[in-house]
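Coordinate-derived values only; no laboratory data. Just so it is clear, the model here is predicted, and its values are computed rather than measured. Neighbour counts are summed over all protein chains in view; Cβ atoms, including those assigned to glycine, are modelled from backbone coordinates with ideal geometry.
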Amino acid sequence: MLNAVRNIVTTVLQRLMLWAEGLFSLAFLIAKGAGAALSGRIGDFLLEPATQRRVFAFLRAFLPNIALKRVVMKSYDNTGTALVTRRSDVLDVLNRNDDFEVVYGSRMRQLTEGENFFLGMQPGWDYTRDTSAMRLAARITDVSETVLPRARDLATRIVNDSDGRIDIVPSLTLEVPWDMTATYFGCGGEREKMQEWTSTLFWYLFQDLAADAQGGATALGHAAELRAYLDAHIAERKANPTDGVDILNRCLSLQSANTPGMSDLGIRNNLLGLLIGAIPTISKASCLALDELLNRPEALASAHAAALADDDALLAQHIWEALRFNPFNPVIYRRALHDTEVARSTLRQVRICKGQIVFAANVSACFDRLDIPDPNSFRTDRPWSDYIIWGYGMHTCFGDMINKAVIPAILKPLLAQKNLRRAAGEAGQIKPGIAGFPGHFWVEFDR
């Protein structure tokens, strides 16, 4: 009986706090939004992570699930738009593959000039074939044995060779993942071209919600160049084999064993997909995490101490928590395969019509106080399950284990430096580059 009373009281208090947070967030948005509008900064204000957190806090409290007939996304066919904000509903949508499908297949086929990549596939033979084969080529043990040591050594050398002032994007956060594609993927190509291709194609697949015609034409041109490079590179490697331990060589070994999906075309398409997901994502996540830590002196000092103590687990916790506040992708979207419901048999139940795009707000899920303890505090003791950084469920990023290793390796030598700080003025802010990805970000430290 006592436990039942305690549970009721706890539930009531949680709801009251949820509503209070929602009302406070609304007041914040009105006051700050008015000021931003008067100063001509409303666009910047709306894009700030803190603003987005306030918007979702209000929605979680009073409009947790919304379905509209209005089409917001222009890049993929759909019949309307829905938004879910509570953590349980976000995870529900991302888990229900029979009800909500990934939409990327149509544009992936444009990039490959015919075939899909497993990121755009529903469950089935093609998905199982391609993911299974690529797991044989890109083994989990490679992360600790090959990828992490090289990333750690390269990042350390880059930081040590600097003079206490470094533009981390071209020098570090793009350089390390590109080096990984060249040495571990076995198909890095020319550095600046590969960085440009992959950034543009990632934008085209995942971020071009407005279906920008000019940007789309550029992306398709870059896709043709990347296909040509990979086709020639695969042919050259087959004509002149090497004994290197890389993904391309393993794919060719699987091809020799008649493994399904490992034709030259299959290898090319899978490598194309892996490349798109590697370079720009690692670079941007590294920049956003550092940006957030630089905004939090106490967290920065704690991360600095962890780096000096070689406490890599604690250092990584600082980075994941920073990305919770400053996420790479604040929403993940799916499309309804048929009429269905979200949050069925609850007061927030919403009907989703066939063809509607559902925006599952993973950033909102990570701040839902009904499931996340003390959500607005920066804490380094959260379990990994609290985070939704690289997707969820069947379509969690294929390279999530690489990301978890390489991003801390990139940032550790910087965070170990004394008095790490932003460069003065605009140079010390993230400056957009290709396709909106970070292009420059200057920081300084004492030697």
>> Just to confirm my numbers, what's the Cα centroid distance between the range 288-326 and the range 53-76 in Å?
In response: 31
> Distance in nm between label sites at ARG379 and GLU190, each 7 Å beyond Cα in the beta-carbon direction?
Replying inline: 5.1
> With the dipole of the range 64-446 worked out from charges on the C-beta (+1 for Lys and Arg, -1 for Asp and Glu) around the Cα centre, which of CYS187, THR380, VAL358 lies farthest toward the positive end?
Replying inline: VAL358
> For the chain, what's the relative contact order in percent, using C-alpha pairs closer than 8 Å and at least 6 residues apart?
Replying inline: 24
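What does the net charge come to around ALA57 if you take all other residues with beta carbon closer than 10 Å to its beta carbon, with K and R at +1 and D and E at -1? Write out the running numbers ahead of the final one.
Details: positive: ARG53, ARG54, ARG60, ARG369; negative: GLU21, ASP368.
Taking every other residue near ALA57 into account, the sum is +2.
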> Taking the Cα atoms of the range 310-417, what is the range of coordinates along each of the three principal axes, in descending order and whole Å?
Replying inline: 54, 30, 18
>> Quick query: amide H of GLU341 versus all other amide H atoms, modeled in the peptide plane; which residues come in under 5 Å with a sequence gap of 5 or more or a different chain?
In response: ILE352
> Quick one: which of 19-31, 75-87 comes out on top by average Cβ neighbours within 10 Å, and what's the full order, highest first?
Replying inline: 75-87, 19-31
> Can you sort PHE441, PHE398, PHE378 so the residue with the fewest Cβ neighbours within 10 Å comes first?
Replying inline: PHE378, PHE398, PHE441
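Could you tally up the Lys pairs in the chain with alpha carbons closer than 21 Å? Skip any pair fewer than 8 positions apart unless they're on separate chains.
Working: LYS69/LYS354; LYS74/LYS354; LYS193/LYS284; LYS193/LYS431; LYS284/LYS404; LYS284/LYS412; LYS284/LYS431; LYS404/LYS412.
Lysine pairs satisfying the spacing and distance rule in the chain number 8.
Counting only complete DSSP H runs, which helices of the chain cover 30 Å or more along their long axis at the Cα atoms and score a mean Kyte-Doolittle of -0.5 or above? Intermediate results must be reported in sequence, preceding the final value.
Working: long enough: 2-38 (54 Å, 1.11); 213-239 (39 Å, -0.16); 264-294 (45 Å, 0.94).
The qualifying helices are 2-38, 213-239, 264-294.
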> Expressed as a whole percent, how much of the Cα-Cα distance distribution for the range 119-260 exceeds 20 Å?
Replying inline: 61
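Taking N as the number of residues in the range 64-446, what value does Rg over Cα atoms divided by 2.2 N^0.38 Å take? Don't skip to the end; give the middle numbers.
Working: Rg = 21.0 Å, N = 383, 2.2 N^0.38 = 21.1 Å.
Against the compact-globule rule of thumb, the ratio is 1.00.
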>> Can you compute the modelled spin-label distance between GLN122 and ARG447, with each label point 7 Å from Cα toward Cβ, in nm?
In response: 6.1
> What is the log10 of I(q)/I(0) for the range 33-141, computed with the Debye formula using one identical point scatterer on each Cα and no solvent, at q = 0.23 Å⁻¹?
Replying inline: -1.26
> Taking the Cα centre of each part, how many Å lie between the range 416-446 and the range 126-181?
Replying inline: 21
